Amino acid sequence: MRIAVIGSGIGGLSSAIRLAKKGHSVSVYERNDTYGGKLGQLKLNKYSFDTGPSLLTMPHLIDELFQMHGENPRDYFNYRKKDIHCKYFWDDKTNFTAFSDKNKYINEAVSKFYVEKDSLLKYFSRSKKKYDLINELFLFKPINKISTYLNFDTVKALLNLKLFQLFSSLDQVNNNDVGNQYMVQVLNRYATYNGSSPYLTPGIMTIIQHLENHFGTHVCDEGMRQIPASMYDLCRKIGVKFHFNKRVDSIIVKNKEATGITLENKSLKFDKVISNVDVNITYKKLLNDKTYLPNKKNMSSSALIFFWGINREFKDLDLHNILFSNDYKEEFKNIFESNSLSADPTIYINITSKDIKNVSPQGCENWFVMINAPKDIGQDWDKLKNTLRKNIIEKINRNLGINIQDHIVEERVFTPKDISINTNSYLGSLYGESSNGIFSPLKRHQNFSRSIKNLYFCGGTVHPGGGIPLCIMSSKIVSDLIEKSN
């Protein structure tokens, strides 16, 4: 079959790789001059930054894409497991190192927070059981087909329904199961991995920390940009065709069936069409669907990102670092209720120069400083980013005992509005709809259209969710659906 993929993010690239393996002719259309979607790169003189997702977990899912074509992934990219997941800091000088080794992690929690060892072990065990029960059932299959549930996995899940803690928020589960407020804040943070609030997302989301603590965090030898670069190289080798600087105008629909795309006033015929574009943008612009109403209220968080070239090194920091807000609940209330920024936000600092050479001058560091922000509904981001910059500099100085402003020699800022424009993301939301609600994960848009035959969706704004592993999972669902449609 002739298949068009609109967008070359991770979901689009992995869909192309899978479908080419099945013998189909795949053409990828990308509005930008390069591949990768949110996994971009920014250069500020001698400093280089990844602009998108900075966490690599479950890298075996990437390896599988190469292995299915008989290729050695290590010929394309290399990565290694980190000994430390993340370093956490609080204003009261409390700090916590989340080690990848489970025993070291637990011992650190026990010694720093006086958490009961058995409580943490039970917490991790329950999280693993949740994941094991729903892994094959929900993450690798379409959620809107009856066939997904006609198996023993469904029976097992239903028999363990209480285990999923669906009717408690993640925060409530963490408080009940762990208790210590520092540890609760560490575990609550995982709600942000899909742009949600720990006070609104259900307790089943403890599986997110399981993915990190069980599979580990990793770093690519050449940074996150190496992932789409290697996938692009594989695509070219196996015959996938790419068309850059080609903005698709619309998806052609005749008699409720997708028959191709329009591009530069030309109609191109295809047997199947896959959109790796934000699903809301797909309906609004590519399908011109006046009846489709995005759920604006439940959109995920966005981000405000400062890219700083720093002229010195900080030995106490690692690849991933978090400086926590003193009022976490108020921070999320601002983001999701008032669409505003906290005066005391949680700060994420990613420093790839800790592990990767030649991304900053010797003796210097490249800081990717991110703050969770509300979706873009027309806020004055120029004013907000100036106020925020002052607040985060003060917080960094308090936590690290420095004057960071004296060491910033390069700077660029991305606001939610910039993210919306740069990545074609609806309202600048990073993950489509959030998981703020008991049934929100089940309400994510499916990977196929119920009303338009031969139209499919992949990527972070549809099932099963955002992040590199889930985008790759979405490609497997789409590939399987296309094969079953014949």
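Shape call for the range 243-313 from the C-alpha gyration tensor, a ≥ b ≥ c root eigenvalues: rounded (a/c under 1.5), prolate (a/b greater than b/c) or oblate?
On the way: a/c = 3.69, a/b = 1.75, b/c = 2.11.
In terms of gyration-tensor shape, oblate.
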Give the relative contact order (percent, whole number) for the range 35-114; include only Cα pairs under 8 Å separated by 6+ residues.
14
How much net charge surrounds Asn107 when only the other residues with a Cβ under 13 Å from the Cβ of Asn107 are counted, with Lys and Arg +1 and Asp and Glu -1?
+1
At R0 = 56 Å, FRET efficiency that the Cβ-Cβ distance of Lys297 and Asp233 yields, to 0.05:
0.85
Check cross-link reach from Lys22 to the lysines: straight Cα distance under 16 Å, and skip same-chain residues fewer than eight apart.
Lys237, Lys241, Lys272, Lys476, Lys484
Positive-end residue of Ile349, Met224, Ile251, charge dipole of the chain with Cβ unit charges:
Ile251
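With each run of n ≥ 4 DSSP H residues scored as -39500 (n - 2.57), what mean residue ellipticity at 222 nm is computed for the chain after dividing by its residue count and rounding to the nearest 500 deg cm²/dmol? Please list the in-between numbers first.
Details: 14 runs with 153 residues, N = 486.
Computed ellipticity for the chain at 222 nm equals -9500 deg cm²/dmol.
Calculate the all-directions average of the projected area of the range 344-486's alpha-carbon convex hull, and give it in nm².
Numbers: hull surface 49.9 nm².
Quarter of the Cα hull surface area: 12.5 nm².
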Please report the relative contact order for the chain, taking Cα pairs under 8 Å with a sequence separation of at least 6, and give it as a percent rounded to a whole number.
23
The alpha-carbon center of the range 281-324 and that of the range 404-427 are separated, in whole Å, by 10
Alpha-carbon spread of the range 208-256, three principal axes, descending order, Å:
48, 29, 20
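Roughly how many debye, to the nearest 20, is the charge dipole of the chain about its Cα centre, given +1 on each Lys and Arg Cβ, -1 on each Asp and Glu Cβ, and no other charges? Provide the component values of the computation, followed by the final result.
Working: 65 positive and 50 negative charges, 310 e Å.
Dipole of the chain, to the nearest 20 debye: 1480 debye.
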Provide the per residue accessible area, probe 1.4 Å, for the chain, rounded to a whole number of square angstrom.
43
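State, as an integer percentage, the relative contact order of the range 242-392 based on alpha-carbon contacts under 8 Å between residues 6 or more apart.
Details: 223 pairs, mean separation 31.2, N = 151.
Relative contact order here is 21 percent.
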Three principal axis lengths of the range 298-339 [C-alpha, angstrom, descending]
39, 21, 14
Taking the chain as the reference, fit the longest principal axis to its C-alpha atoms, fit the long axis of helix 10-21 to the helix C-alpha atoms, and give the angle between the two in degrees, 0 to 90, nearest 10.
40
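Could you work out what % of the accessible surface of the chain is carbon and sulfur, using a 1.4 angstrom probe and leaving DNA, RNA and ligands out of the count?
Working: 9910 of 20700 Å².
About 48 percent, which is the carbon plus sulfur part of the accessible surface.
Find how much the distance from Asn95 to Lys290 grows on full extension, using 0.36 nm per residue of separation minus their present alpha carbon separation; answer in nm with one decimal. Don't skip to the answer; put the middle values down first.
Numbers: separation 195, 0.36 × 195 = 70.20 nm, distance 5.09 nm.
Gain on extension, Asn95 to Lys290, equals 65.1 nm.
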Would you calculate the separation in nanometres between label points at Arg412 and His243, each defined as 7 Å from the Cα along the Cα-to-beta-carbon direction?
2.9
Could you state the number of Å between the C-alpha centres of the range 100-138 and the range 1-71?
32
Expressed in nanometres to one decimal, the distance between label points 7 Å along Cα→Cβ at Lys112 and Glu337 is 2.9
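On alpha carbon coordinates alone, what is the Rg over Rh value for the chain, Rh being the Kirkwood radius?
0.95
Report the net charge of residues surrounding Gln172, where surrounding means a beta-carbon distance below 15 angstrom and charges are Lys +1, Arg +1, Asp -1, Glu -1.
My count for the surroundings of Gln172 gives +1.
Among the DSSP beta bridges whose two residues both lie in the chain, what percent are antiparallel, rounded to the nearest 5?
Counting DSSP beta bridges with both partners in the chain, the antiparallel share is about 70 percent.
Which net charge results for the neighbourhood of Asn188, defined as the other residues with beta-carbon distances under 15 angstrom from its beta-carbon, given Lys and Arg at +1 and Asp and Glu at -1?
On the way: positive: Arg189, Lys329, Lys333; negative: Asp171, Asp177, Glu212, Asp327, Glu330, Glu331.
Spelling it out: positives minus negatives among the neighbours equals -3.
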Dimensionless Rg/Rh of the range 349-420, both radii on Cα and Rh by Kirkwood, sits at 1.00
Just to verify a number: FRET efficiency for Ser250 and Arg2, C-beta to C-beta distance, R0 = 25 Å, to 0.05?
0.90
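The values are calculated or read from the model by the stated rules, or taken from the named source; none is laboratory data. These numbers were taken from a predicted model, which means no experiment stands behind them. Cβ: placed from backbone, ideal geometry, glycine included. Neighbour counts: every protein chain shown. In case anyone asks, the SASA skips ligands and DNA or RNA and just uses the protein heavy atoms, side chains included. Shrake-Rupley method; radii C 1.70, N 1.55, O 1.52, S 1.80 Å.
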